[in-house]
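Written below as structure tokens is the structure these notes are about.
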Amino acid sequence: MMRTVITITLVLINFTVIAQNFTLPLWPDEVPNSKSTSIEEYSDSSDIVRISKVINPTIDVFLPSKQNATGQAVIICPGGGYQILAYDWEGTDVAKFLNGHGIAAIVLKYRLPENESNIDPHKSPLMDAQQAMKLVRKNASSWNIDRSKVGIMGFSAGGHLASTLGTHFDEITRPDFMALIYPVISMNSEFTHMGSRNNLIGKNPSNHLVTLYSNELQVNTNTPPTFLLHASDDGAVPVENSLVFYKALVKNKVPAEMHIYPEGGHGFSLALEKDHLADWPDLLIQWLKNLD
């Protein structure tokens, strides 16, 4: 019996070592800023996977083969207006694309700022992004990642979360770069995405919260190099979000690259069915290759 147990254990250990994608809890012990609730996580996969009511945030880790690994890693924040997470469309599908270019990808299933399970709702998404950055850097060696090449990427409201991490950080959680795809940037009511604003800071937020989460106002000379992508005809998140962020980056002499397409709308993910947009992921890869 003992020999059988040892054999099974060794097989499990070996599987863990060679597995190229796996899921880890973001907070192995107590989840901070949370309160007891009867709600449960919900997932709808009728067309894309939409996750809501996240109680126990996780990271899905996708690793390229060791031989192909570039050392770069990207934490991916799916969008969804801070109400749901478009988890495969703007998460795992993107992770697999990055893996194909030797880049480690970590999809963040972050808590959404609803009142039922969060003590201070607006704090939870950023706390989860900060923790994800800590976990990736902690495991960098075993995941064939260079600790100085860990960035963050976000789509739509996930772009707001990514840019929040990139403008509200400490020494440990500063991303080395950001990729913001049709991102919500500002809480300015003139051009924000009101759904994201209402869900994150409420329908009647204080001026302090509006300023705090208007990330174009938080840029400084230590903000990470940034890749921006948007469509001029985006009817959900106005292109002004990317424009004001780019302007702030340039003003602070932060390296930035921006691509504005005349058409594309919102929420096009990898744009596989949009011929004129389909090259944008390749532009991102080229930009990542040219980072110092």
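The values are calculated or read from the model by the stated rules, or taken from the named source; none is laboratory data. Bear in mind the structure is a predicted one, so any value in this text is a computation, not a measurement. Cβ sites come from the backbone with ideal geometry, for glycine too, and all protein chains shown count toward neighbours. Each accessible area value is taken on the protein alone, full model and side chains, heavy atoms only, with ligands, DNA and RNA left out. Shrake-Rupley method; radii C 1.70, N 1.55, O 1.52, S 1.80 Å.
So the values come out like this:
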item	result
Out of Ala231, Ala278, sole residue that is touching a residue at least 24 places away in the same chain (Cβ under 8 Å) and over 15 Å from Ser186 (Cα atoms)	Ala231
Residues of the range 100-117 satisfying the condition of being at pLDDT 95 or above and either open to solvent by 30 Å² or more (accessible area, probe 1.4 Å) or part of a strand (DSSP E or B) (or both)	Gly100, His101, Ala104, Ala105, Ile106, Val107, Leu108, Lys109
Residue in the range 31-39 that is open to solvent by 50 Å² or more (accessible area, probe 1.4 Å), charged (D, E, K, R), farther than 24 Å from Val150 by Cα and in a loop (DSSP other than H, G, I, E, B) present	yes
Number of the condition not met by Trp89 [criteria: (1) open to solvent by 40 Å² or more (accessible area, probe 1.4 Å); (2) in contact (Cβ under 8 Å) with a residue 60 or more places away in the chain; (3) more than 27 Å from Leu291 (Cα to Cα); (4) not aliphatic (A, V, I, L, M)]	(3)
One residue from Tyr213, Tyr246 being of a type in the set (Ser, Thr, Tyr), touching a residue at least 12 places away in the same chain (Cβ under 8 Å) and open to solvent by less than 40 Å² (accessible area, probe 1.4 Å)	Tyr213
Test: residue in the range 42-57 that is in a strand (DSSP E or B), at pLDDT 95 or above and under 28 Å from Leu291 (Cα atoms)	no
Residue satisfying condition, being under 21 Å from Gly158 (Cβ atoms), part of a strand (DSSP E or B) and modelled with pLDDT of 95 or more, within set Leu288, Leu283, Leu249, Leu229	Leu229
Residue check, Phe97 of a type outside the set (Gly, Ala, Ser), within 30 Å of Gly265 (Cα to Cα) and open to solvent by 40 Å² or more (accessible area, probe 1.4 Å)	yes
Condition check for Gln131: surrounded by fewer than 24 Cβ atoms within 10 Å (Cβ to Cβ) and either part of a loop (DSSP other than H, G, I, E, B) or in contact with a Cys (Cβ under 6 Å, 6 or more places away or on another chain) (or both)	no
Set Pro205, Pro125: member being surrounded by 16 or more Cβ atoms within 10 Å (Cβ to Cβ) and not in a helix (DSSP H, G or I)	Pro205
Residues of the range 223-246 classified as within 20 Å of Pro175 (Cβ to Cβ) and more than 18 Å from the chain's Cα centre (by Cα), total	2
